[in-house]
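Q: After the structure tokens below, expect a handful of questions from me.
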Amino acid sequence: MASSKTVIYQKEGGIARITLNRPEVRNAINLELITEYNEALNVARRDAGVRVVVVTGAGSAFCSGIDLAFHRGKSGIEFRSFLEKLYWEMTDIQYNMGKPTIAAVNGPVLAAGCTLAFSCDVIIASERARVGYPEINVGLMPAMHLVLLPRLVGKHKAFELAFTGEPISAREAERLGLINRAVPHEEFEAAVGEMAKKLAAKSPLVTKYCRDAFYRGLDMEFRKAIADAADVLCILVGSEDAQEGLSAFVEKREPRWKGR
């Protein structure tokens, strides 16, 4: 796709890069941005040549959350139509992406910005980043994260984050398991690129089946999830890529993936 007003879409090799592009408001999310962001995700999802998707922000921030100026004065019904794109549509696209997504958190990630980042599979942050939920300070609440946060960091820490509105450092977010890795800012782009290349080097077929099973398993009862994963493994064993991977291991060479 061509880059749009609020999103920049680039593709190099098998890596698509989506940049939130409203730096003048720290990439705050309005209706236009979330609409164009979802479109960019779908373009990457449908492109068989894309192996990995990297999401980042223009300027000094990843995303400061919902554009409060844009939404001031909106009715509950109008606001819900926006949330349907941010919560349901965006998370459904991510759920069905079929390829890894990396949130490259280059700076502060706050409020609904966390919704965009945490929907990705891997989060790598610059040490300049801070993670927080300031919604309560303006009379709102981090709706999705009231459900998500306790599952990630436990009840008490989640309550503190949601009800004080105070942000934490990238290093603290890493310690809590909210993000994968916090790195010095000068090493940030290299760390993101290294992770993208690692993920892109795997079989696209196996990655898709494995990712789908991973997310289904999070929604299923324990024994059913194991049975589902075992069924997927049995399907994969007969694929050309699985047989190629086994042959490459035995022959001590790099596999040549075909995606089937």
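Q: Just from the alpha-carbon atoms, what are the Rg and Dmax of the stretch 204-251 in angstroms?
A: Taking only Cα atoms of the stretch 204-251, I get Rg and Dmax of 12.2, 39 Å.
Q: Past 24 Å, Cα to Cα: identify those pairs from Lys11/Lys99; Lys155/Lys197; Lys5/Lys208; Lys157/Lys208; Lys99/Lys197; Lys99/Lys157, in the order given.
A: Lys155/Lys197; Lys5/Lys208; Lys157/Lys208; Lys99/Lys157
Q: Give me Rg over Rh for the stretch 108-191, both radii from the alpha carbons and Rh done the Kirkwood way, two decimal places.
A: Numbers: Rg = 12.3 Å, Rh = 12.8 Å.
Checking Rg against Rh, the ratio lands at 0.96.
Q: So, R0 is 35 Å and r is the distance between the beta-carbons of Asp92 and Ala190; what FRET efficiency does that work out to, to 0.05?
A: 0.60
Q: Treating cross-link reach as a plain straight distance, find the aspartates and glutamates whose alpha-carbon is under 17 Å from the alpha-carbon of Lys224, omitting any fewer than eight places away in the same chain.
A: Within reach: Asp212.
Q: Which ordering of Glu127, Glu135 is given by a fewest-first count of other beta-carbon atoms within 10 Å?
A: Arranged by neighbour count, lowest to highest, Glu127, Glu135 become Glu127, Glu135.
Q: How large is the translational diffusion coefficient of the chain in µm² per second when you combine the Kirkwood radius over alpha carbon pairs with Stokes-Einstein at 37 °C and 0.692 mPa s? Let's see the in-between values first.
A: Details: Rh = 19.4 Å.
Value of D from the Cα-based Kirkwood radius: 169 µm²/s.
Q: At R0 = 25 Å, how high is the FRET efficiency between Asn42 and Ala69 if r is their beta carbon distance? Nearest 0.05 is fine. Don't skip to the end; give the middle numbers.
A: Details: r = 28 Å, r/R0 = 1.11.
Once rounded, the FRET efficiency stands at 0.35.
Q: For Cys114, Cys63, Cys120, what ranking results if the residue with the fewest other Cβ atoms within 10 Å of its Cβ goes first?
A: With the fewest neighbours first, Cys114, Cys63, Cys120 line up as Cys120, Cys114, Cys63.
Q: Something else: In nm, what is the difference between 0.36 nm times the number of residues separating Cys210 and Arg253 and their Cα-Cα distance?
A: This chain segment gains 13.2 nm when fully extended.
Q: Now a separate question. Could you compute the net charge surrounding Asp241? Neighbours are other residues with a C-beta less than 11 Å from the C-beta of Asp241; K and R count +1, D and E count -1.
A: Summing Lys and Arg as +1 and Asp and Glu as -1 gives +3.
Q: What does DSSP give for the chain in terms of the percent of beta bridges that are antiparallel, rounded to the nearest 5?
A: Antiparallel bridges make up about 30 percent of those DSSP assigns within the chain.
Q: Can you compute the charge dipole magnitude of the stretch 204-251 about its Cα centre, using +1 on each Lys and Arg Cβ and -1 on each Asp and Glu Cβ, nothing else charged? Give it in debye, rounded to the nearest 20.
A: About 240 debye.
Q: Further, regarding this structure: Just name one of Leu83, Val131, Gly98: the one whose Cα is farthest towards the positive end of the charge dipole of the stretch 7-200 (beta-carbon charges, Lys/Arg +1, Asp/Glu -1).
A: Highest projection toward the positive end goes to Gly98.
Q: Based on Cβ point charges of +1 for Lys and Arg and -1 for Asp and Glu, what charge dipole magnitude is obtained for the stretch 7-200 about its Cα centre, in debye rounded to the nearest 20?
A: For this selection, approximately 340 debye.
Q: Next question. Give me Rg over Rh for the stretch 20-145, both radii from the alpha carbons and Rh done the Kirkwood way, two decimal places.
A: Ratio value, two decimals: 0.95.
Q: Hey, another quick one. Would you calculate the volume per residue, in Å³, of the smallest convex hull containing every Cα atom of the stretch 78-150?
A: On the way: hull volume 7.2 nm³, N = 73.
In the stretch 78-150, the Cα convex hull volume per residue is 99 Å³.
Q: Step through the residues of the stretch 213-227 one at a time and calculate ³J(HN,Hα) from phi using the Karplus curve (6.51 cos²θ - 1.76 cosθ + 1.60, θ = phi - 60°), rounding each to whole Hz and writing x for Gly and Pro.
A: Once θ is set to phi - 60°, the couplings for the stretch 213-227 become 5, 4, 6, 4, x, 5, 9, 10, 5, 3, 5, 5, 5, 5, 4 Hz.
Bear in mind that the values in this text are calculations on the coordinates, not laboratory data. Note that the structure is predicted; figures quoted are calculated from it, not measured. In this analysis, Cβ positions are derived from the backbone assuming ideal geometry, glycine residues included, and neighbour counts consider all displayed protein chains.
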